[in-house]
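S.K.: This is the structure I want to talk about, given as structure tokens.
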Amino acid sequence: MPIRPILRYPHPGLKTVCAPVTAFDSSLAELADYLLATMRAAPGVGITAAHIGVFSRVTVLELDKTDGVRLYVNPEITWLSNETMRHAEGSVSMPGATEEVTRPRAIRLRYQNAEGIVHEEAAEDFHAICIQHEVDQLDGIFWLQRLSRLKRDRLVKKWEKTPT
């Protein structure tokens, strides 16, 4: 499966709120395949359709090879824990740039699979962090917005000096 070009920060598409998926057909399965191939080539552990300029609520995660690939269509976080954790985050749209972000440690999530069947699951720790990161992207919130202004400005200046 060929990979797709990834939108690079500060592309305005990374601020786009993605539309819900309504057609659960072969084009959705093809999009999921493109996302997986593109994410692996980047490399990354998560990617949204927005990262490749398709503004639909679709994300793919592959946290490790033993856990496998997870496809989330129309994901919605339904609960967030009060307990938080810090974790280094980055983006396939900003390779090499990372910074610690504080997020809720556990979540509950409702989503659909490729056939449109609704599922619910709980996630903790790294898995929960990754889902929150990707759902933010689907909502047009690039991860840098979760940083303090000082950290964000410092990271962006460093990023702008990085050769592409």
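The values are calculated or read from the model by the stated rules, or taken from the named source; none is laboratory data. None of the values given here were measured: they were computed from a predicted structure. As a convention, Cβ positions derive from the backbone with ideal geometry for all residues, glycine included, and neighbour counts pool all protein chains shown. Surface areas here come from the heavy atoms of the whole protein model, side chains and all, with no ligands, DNA or RNA. Shrake-Rupley method; radii C 1.70, N 1.55, O 1.52, S 1.80 Å.
S.K.: Given an 8 Å cut-off on Cα distances and at least 6 residues of separation, report the relative contact order of region 102-146 as a percent.
M.R.: 34 percent
S.K.: Identify all lysines with a Cα-Cα distance to Lys161 below 19 Å; exclude those on the same chain that are fewer than 8 residues away in sequence.
M.R.: Once the sequence-local lysines are set aside, what remains near Lys161 is Lys151.
S.K.: Take the chain, connect every pair of alpha-carbon atoms lying under 10 Å apart with a spring to form a Gaussian network, then pick out the residue of Gly46, Gly116, Gly68 with the largest mean-square fluctuation.
M.R.: Its mean-square fluctuation being the largest, the pick is Gly68.
S.K.: Continuing with this model, one more query. Could you state the number of Å between the C-alpha centres of region 1-61 and region 105-164?
M.R.: About 14 Å separates the Cα centre of region 105-164 from the one of region 1-61.
S.K.: Taking 0.36 nm per intervening residue step and subtracting the Cα-Cα distance, what contour gain separates Glu160 from Ser26 on full extension?
M.R.: My answer for the length gained is 44.4 nm.
S.K.: Follow-up question, since we're still on this one. For the chain, what is the mean residue ellipticity at 222 nm derived from helices alone (per DSSP H run of n ≥ 4: -39500 (n - 2.57); sum divided by total residues; nearest 500 deg cm²/dmol)?
M.R.: My calculation for the chain gives -8500 deg cm²/dmol from helical runs alone.
S.K.: Which whole-number percentage describes the relative contact order of region 68-164, with Cα contacts under 8 Å and a sequence gap of 6 or more?
M.R.: 25 percent
S.K.: Would you kindly state how much longer the chain becomes between Leu63 and Glu83 on full extension, computed as 0.36 nm times their sequence separation minus their alpha carbon distance, in nm to one decimal?
M.R.: 5.0 nm
S.K.: Moving on to the next point. HN-Hα J couplings of region 64-75 from phi, Karplus 6.51/-1.76/1.60, θ = phi - 60°, integer Hz, Gly and Pro as x?
M.R.: 7, 5, 6, 7, x, 8, 10, 10, 10, 10, 6, x
S.K.: Counting only protein heavy atoms, what percent of the accessible surface of region 44-164 is carbon or sulfur at a 1.4 Å probe?
M.R.: C and S atoms contribute 49 percent here.
S.K.: Leaving out ligands and nucleic acids, note down the accessible area per residue over region 26-163 with a 1.4 angstrom probe, in whole Å².
M.R.: Heavy-atom SASA per residue in region 26-163 reads 49 Å².
S.K.: When only C-alpha pairs under 8 Å and at least 6 residues apart count, what is the relative contact order of the chain, in percent?
M.R.: 23 percent
S.K.: Calculate, for Ser148 and Val17, the FRET efficiency according to 1/(1 + (r/R0)^6) with r their C-beta to C-beta distance and R0 22 Å; round to the nearest 0.05.
M.R.: For Ser148 and Val17, the calculated efficiency is 0.40.
S.K.: Taking the chain as a Gaussian network, where each spring joins two C-alpha atoms under 10 Å apart, which residue of Gln132, Gln145, Gln112 fluctuates the most?
M.R.: Per the Cα network of the chain with a 10 Å cutoff, Gln145 tops the list.
S.K.: Which length gain, in nm to one decimal place, applies between Phe55 and Asp125 when the Cα-Cα distance is subtracted from 0.36 nm times their residue separation?
M.R.: Here the segment from Phe55 to Asp125 would lengthen by 22.5 nm.
S.K.: Ok, one more. Which whole-percent values make up P(r) of region 53-164 when all C-alpha to C-alpha distances are grouped in 5 Å steps starting at zero?
M.R.: Reading upward from the zero bin: 2, 11, 20, 23, 20, 13, 7, 3, 1.
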